[in-house]
1. Quick test for you: out of B:Arg294, B:Arg267, pick the one residue that is without any contact (Cβ under 8 Å) to a residue 40 or more places away in the chain, under 22 Å from the mean Cα position of the chain (by Cα), surrounded by fewer than 24 Cβ atoms within 10 Å (Cβ to Cβ) and under 18 Å from B:Leu177 (Cα atoms).
2. Which of the residues that make up region B:7-30 are in a loop (DSSP other than H, G, I, E, B) and closer than 22 Å to A:Ala122 by Cβ?
3. Being within 14 Å of chain B (Cβ to nearest Cβ) and acidic (Asp, Glu) is the filter here, so list the residues in region A:232-287 that pass it.
4. Does any residue of region B:330-338 turn out to be within 12 Å of chain A (Cβ to nearest Cβ), outside any strand (DSSP E or B), touching a residue at least 12 places away in the same chain (Cβ under 8 Å) and touching a helix residue (DSSP H, G or I) at 6+ places or on another chain (Cβ under 6 Å)?
5. Taking the options B:Gly213, B:Gly158, name whichever one is out of contact with any Leu (no Cβ under 6 Å at 6 or more places or on another chain) and either touching a residue at least 40 places away in the same chain (Cβ under 8 Å) or within 30 Å of B:Leu136 (Cα to Cα) (or both).
6. Quickly run through region B:198-217 and pick out the residues that are within 22 Å of B:Ser331 (Cα to Cα) and surrounded by 15 or more Cβ atoms within 10 Å (Cβ to Cβ).
7. Can you name every residue in region B:10-33 that is over 9 Å from B:Ala47 (Cβ atoms) and near DNA strand D (Cβ under 8 Å from one of its atoms)?
2 protein chains.
Amino acid sequence: MARGSTRPTSRDVAQAAGVSQAAVSLVLGDKWRGRVSEPTAQRVRDAARRLGYRPNLAARNLRLGRTRTVLLVVPALTTEFFAEVYTGAARVAAQHGFGVVLYPSPEGVGPARDPFASAQAALDGVIASSMAADALTAIRGDQLPLVMLDSDPEGSLGAATVNLDITDGIRQVAEHLLALGHRRFLHLAADVPSWTFEIRARALAARLADTPGTTLRTARAPISVDGALAATETALAAPGPRPTALVCDDDKLAVGAYKAARRAGLRVPDDLSVTGLDDLGLATAIDPELTTVRLDAELFGERGMRALLAVMEGRTPEEGDIPVHLVVRGSTAPPPHD
Amino acid sequence: MARGSTRPTSRDVAQAAGVSQAAVSLVLGDKWRGRVSEPTAQRVRDAARRLGYRPNLAARNLRLGRTRTVLLVVPALTTEFFAEVYTGAARVAAQHGFGVVLYPSPEGVGPARDPFASAQAALDGVIASSMAADALTAIRGDQLPLVMLDSDPEGSLGAATVNLDITDGIRQVAEHLLALGHRRFLHLAADVPSWTFEIRARALAARLADTPGTTLRTARAPISVDGALAATETALAAPGPRPTALVCDDDKLAVGAYKAARRAGLRVPDDLSVTGLDDLGLATAIDPELTTVRLDAELFGERGMRALLAVMEGRTPEEGDIPVHLVVRGSTAPPPHD
DNA sequence: CCCATCAAGTTTTACGTATAACGTGCTCCG
DNA sequence: CGGAGCACGTTATACGTAAAACTTGATGGG
């Protein structure tokens, strides 16, 4: 007889079905083969449904010593990129009976401070992107299984890493622009201390160093349309021959670059070719549509979760960076004649 | 003496400090005034820090019968809108010692099926947006405190609701366009069965009905750039006088409308005025910048969480819709002369 | 001087679950 | 016909925490 106000427990179900609480646990946990007869099992299932029984997860977690919950630490949710990473991770997690709790760094893009304080959840593991070393060591000290997304393989304190092959993406961008005939490059770099942006700069510089006669200048901007607008405007007004190709660290910066070009009276792509990186919905919303590097954010999240599952089970995570590929659209063209 | 492999418990701390487990619980729970001496309390705190003790949340949740965790059910994370709702809700939640678990409907925009199956978490309450009635009754049956976002006040089964004043937003749009001189309207409506879209149509029709000489046609599209492009193209090619003002249910649809206009050889805003609704980052990324209705998504999330806190504490949630306001940019202008 | 009060703890219990360990009859084989 | 084994359960216990109920020794007021 249920008391009505509080949620039914397995004991309530047991009483309703005329069996012991242990029998209920066995039947509902699918561990009853050869231990409970089929008719009895059916009685239990009926009673559970009738009472609307759902197991108390806190009790189960305590008993089993695990929570089937993992934390995803992301820099922010200001674009759909990390939302998609979450979606991918959550899908794989759900397939394995796990839930994902999201922790977007309150400071926005940049290092996360204390991912545990506000994540009011007991955790079995952590997937972290762009995290500061101190928070990282805190997690390591907790002995929690950890997977890092897009992080320096050397500096991640031995944690497993899953990376997008950004280096190759930038190389493809450079290759494309060089083939079009560009020689004077401007790099619009995100002013954020993060491995994933560092390697963009390195990859671009490395590829251009292989082709004599090329020049590379760099402008830095915070990741915002207005920041990119200002930085690009300044860079375009600098003395000397104007760059003909503008390589942006991500799509959002490219939007700012479009605006700066327009203000400077330059047409994209006739006077200035622009490239992005991410392939957000933004890329096809603007005119001309943006030539950019497609990052499969959902796959990124999936791979991250899969790697975490591997770590938690003591297996070795899948190796290899996630391939990315250039999507050529209308924002790149041969450079103008002098 | 810690066993090294497993996480320290309050009992380990007790042993290290030479007190009972109860004393540890009292001290660390800040309930020790007049029950434990200051020196002893200090010993406990030191031991806890030394061992790196963090309480087992599963055990705490079981003991206290609450989890300080709530679920946020959203249609999808394909735009930054619900990401911001989450951010706002999570911030308020953190201030009150709550965590927020996200449940993006796997079906994308539209009704959510079973929010509990994959949310591997014990919950104290639910905030739900655009949810199907069946899942809603499931939650109600669970007796969980519930707050609905942007839902029909009549049809929410008595749950508390927090709504944006969309009706007023559309009214402002209509007012603006009418003042510019527009009389022939096209409504690009989201083809999604949801209260929040229904009231857009009603509000627009209601306002135009008040001004004689106006006409209103409606095109329906799924919420995607391509869908909006196709629907708008068809609508613009229809016989009869062409509409001069295109009111879109959200910003994403407006992007598709821009593309359709461009393909039809129409200039925005000279030949066709376009409005959106949301004021996503998208709105200022496109050219011309979009006249739209600014929705404060973070505030929406905050209000939702605050309302849920009120419901959980047996208080009455704050009344009143959240005001929205028109942001006039470059996509609207007086209609062309015949 | 004796009981009430109080500080400073300790002992015990309950939360709901999963499962190891422990009964019961009954069947069936040697 | 005796007991080994099986089918079908039950009883008991542990997970780690919070807090109610209890203990103990000292103090102090009437």
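The values are calculated or read from the model by the stated rules, or taken from the named source; none is laboratory data. Quick caveat, the model's predicted, so the values are computed rather than measured. Methodologically, a virtual Cβ is constructed for each residue, glycine included, from the backbone with ideal geometry; neighbour enumeration extends over all protein chains shown.
1. Numbers: B:Arg267 fails: under 22 Å from the mean Cα position of the chain (by Cα).
On inspection, the qualifying residue turns out to be B:Arg294.
2. B:Arg7, B:Pro8, B:Thr9, B:Gly29, B:Asp30
3. A:Asp250, A:Asp251, A:Asp278, A:Asp279, A:Asp287
4. No, region B:330-338 contains no residue that is within 12 Å of chain A (Cβ to nearest Cβ), outside any strand (DSSP E or B), touching a residue at least 12 places away in the same chain (Cβ under 8 Å) and touching a helix residue (DSSP H, G or I) at 6+ places or on another chain (Cβ under 6 Å).
5. From the options B:Gly213, B:Gly158, the qualifying one is B:Gly158.
6. Matches in region B:198-217: B:Arg200, B:Ala201, B:Ala203, B:Leu204, B:Ala205, B:Arg207, B:Leu208, B:Thr214, B:Leu216.
7. The answer is B:Ser10, B:Arg11, B:Ser20, B:Gln21, B:Ala22, B:Ser25, B:Leu26, B:Leu28, B:Gly29, B:Lys31.
Per-residue answers, yes or no, for (1) away from DNA strand D (no atom under 15 Å from the Cβ); (2) closer than 20 Å to A:Leu102 by Cβ; (3) in contact (Cβ under 8 Å) with a residue 40 or more places away in the chain:
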{"site": "B:Ser37", "(1), (2), (3)": "no, no, no"}
{"site": "B:Ala41", "(1), (2), (3)": "no, no, no"}
{"site": "B:Val44", "(1), (2), (3)": "no, no, no"}
{"site": "B:Gly52", "(1), (2), (3)": "no, no, yes"}
{"site": "B:Arg68", "(1), (2), (3)": "no, yes, yes"}
